[in-house]
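Nothing in this text is a laboratory measurement; each read-out follows from the coordinates by a stated rule. Fair warning: this is a prediction, and the values are worked out from it, not measured in the lab. Here the Cβ positions follow ideal geometry from the backbone for every residue, glycine too, while neighbour counts run over all protein chains shown.
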Amino acid sequence: MRADLLESIKRCAFCPKMCRFACPVARANKDEATIPYGLCTVADLALAEKLDLAEPSVAGLLYACTECRACREYCRVEGVDLVEICRAVRAETVARGIAPEPVARFHQKLQAYHNPYGARARHAHEKVPEFQRAFSRKARVLYYAGCTAAVAQPEIVVAAFRVLERLGVDYTVLPGAWCCGLPALSLGNPGAAQELMAHNLQAIQETGCQVVVSGCPSCVVAFRRDYPEAGFELPVQVLHVSQYLDGLLDASLTGGGPVGRATYHDPCLLGRGLGEYQAPRRLLGRIAGLELAAMAWSHQDSLCCGGGGGLPLTWPTTSRKMGYGLLYQAIATGAQTLVTACPFCKSWLSLAARKSPVRVLDLVEILAPALG
């Protein structure tokens, strides 16, 4: 492992542990071992061979992180990056063939189909006829749906296309549903991630676009941060759809759609990852008749939905508890609608909200009808 990461582990293991109050995984687990410093301590002991990384109970602990970065909001120890530490140790488990079984199956599927959703992703675009119309045409804007929206949440893609077309945006899309590569990095397979990055970089360059717009914060973070770090820098601007639309919309939206009280959930990677908190709120604030109520924990303190970092694969019960915890906060505001801006968050929160009076929508799903 890199010397700087080893030093980070030591710093974390012996600090005052203020991160214990921020970690949503540990809050749901009520287990000291899954607090950020606990993960660093386990990593330190495993790498020093004082714990056996091949033991499932040890390796599994290093997958108890959603990469939400809430701990960084409270950590004052310079140079400690829990995400990088967990990724490095996870990569060790994958390389040695001792990763948890759900993670191993994930990587097999990713290798075979170039996305985490397997064979059904091959037909994802057939659900969205607009994809077919936009293939191969040249345009300034490339809308990158991302595999999760394309496969698991096609209604988000339909709404995004409707918004772009209503605003007169000339856009193109990529064929296929190749993953951006961030899940492969998160779950310890940098080699697979780089294969996906190389493919996507070439595909994006071939479109001749100048701007990449995506509704998936994971994809945006990958393109902006992880691609350049791996040597695959995109020569175009990359924006989350909220950032792009915030620059186009400046009038009140009176077309229709949901009204009443809504609350907005800051996705981890859009907020703490990209520092974007205001663009989605400005857009929602332009919808006539929509009252926006704030949850108790929002902005940089927003709770993680539980759907990131592969947690639903490795710690499914904990992941579900996190989704319910966030839903309870939304219900407490009196909102009828919970709005988020991430297909992972929408998928996971929709599961939590199945028997509740709150409906979960992506940002573009509430904007599309408001535009008329």
Check your understanding: Residue farthest toward the positive end of the dipole of segment 3-99, with Cβ of Lys/Arg at +1 and Asp/Glu at -1: which of 60, 22, 89?
Key -> 22
Exercise for review: Identify, among 108, 348, 277, the residue whose Cα sits farthest towards the positive end of the charge dipole of the chain, taking +1 on the Cβ of Lys and Arg and -1 on the Cβ of Asp and Glu, with the dipole about the Cα centre.
Suggested key: 348
Review point. How high is the relative contact order of segment 104-246, in percent, with contacts defined as C-alpha pairs under 8 Å that are six or more residues apart?
Key: 25
Practice item. Taking the Cβ of residue 348 as the centre, find all other residues whose Cβ is under 12 Å away and add up their charges (Lys, Arg: +1; Asp, Glu: -1). Key: +4
Exercise for review: Among 186, 202, 145, pick out the residue whose Cα is farthest towards the positive end of the charge dipole of the chain, where Lys and Arg carry +1 and Asp and Glu carry -1 on C-beta, about the Cα centre.
Suggested key: 145
Revision key, fill the gap. Taking alpha-carbon centroids only, segment 184-214 lies from segment 282-301 a number of Å equal to 32
Exercise for review: Would you compute, from DSSP H runs of 4+ residues alone, the mean residue ellipticity of the chain at 222 nm, taking -39500 (n - 2.57) per run and dividing by the full residue count, rounded to the nearest 500?
Suggested key: -13000 deg cm²/dmol
Check your understanding: Magnitude of the Cβ-charge dipole of the chain, K/R +1 and D/E -1, about the Cα centre, nearest 20 debye?
Key -> 800
Review point. Rg and Dmax of segment 104-246, using alpha carbons, in Å: what are they?
Key: 14.2, 44
Review point. Quick one: which of 127/346; 50/321; 109/138; 109/355 span more than 25 angstrom between C-alpha atoms?
Key: 50/321; 109/138; 109/355
Exercise for review: Report, to the nearest 10°, how far helix 190-207 tilts away from the longest principal axis of the Cα atoms in the chain, using its own Cα long axis and a range of 0 to 90°.
Suggested key: 20
Review point. If you add up the charges near residue 265, with Lys and Arg at +1 and Asp and Glu at -1, over every other residue whose beta carbon is less than 11 angstrom from its beta carbon, what do you get?
Key: -1
Check your understanding: Which is the longest run of the chain containing none of the GluC sites (Glu not before Pro) found in DSSP loop states (not H, G, I, E, B) with at most 13 other C-beta atoms within 10 Å?
Key -> 79-232
Study note, to complete from the structure: Treating only Lys and Arg (+1) and Asp and Glu (-1) as charged, each at its beta carbon, one finds that segment 104-246 has a dipole about its Cα centre, in Debye to the nearest 20, of 320
Check your understanding: Stretched out fully, how many nm does the piece from residue 119 to residue 354 gain, at 0.36 nm a residue minus the Cα gap?
Key -> 82.0 nm
Study note, to complete from the structure: The helix 343-352 Cα axis meets the longest alpha-carbon principal axis of the chain at an angle in degrees, between 0 and 90 and rounded to 10, of 80
**Study point:** Helix 101-113 axis, angle to the chain major axis (alpha carbon atoms, nearest 10°)
**Key:** 50
Practice item. Quick one: net charge around residue 46, please, counting Lys, Arg +1 and Asp, Glu -1 for every other residue with C-beta under 15 Å from its C-beta. Key: 0
Check your understanding: For the pair residue 288 and residue 166, what calculated FRET efficiency results from E = 1/(1 + (r/R0)^6), where r is the Cβ-Cβ distance and R0 = 25 Å, to the nearest 0.05?
Key -> 0.95
Review point. Once the piece of chain linking residue 32 and residue 317 is laid out straight, how much longer is it, given 0.36 nm per residue of separation minus the C-alpha distance between them?
Key: 100.9 nm
Point to revise | Extension gain, residue 259 back to residue 108 (0.36 nm per residue minus Cα-Cα distance, nm) | key: 49.9 nm
Practice item. Please state the charge dipole magnitude for segment 260-370, taken about the Cα centre, from unit charges on C-beta atoms (+1 on K and R, -1 on D and E), reported in debye and rounded to the nearest 20. Key: 240
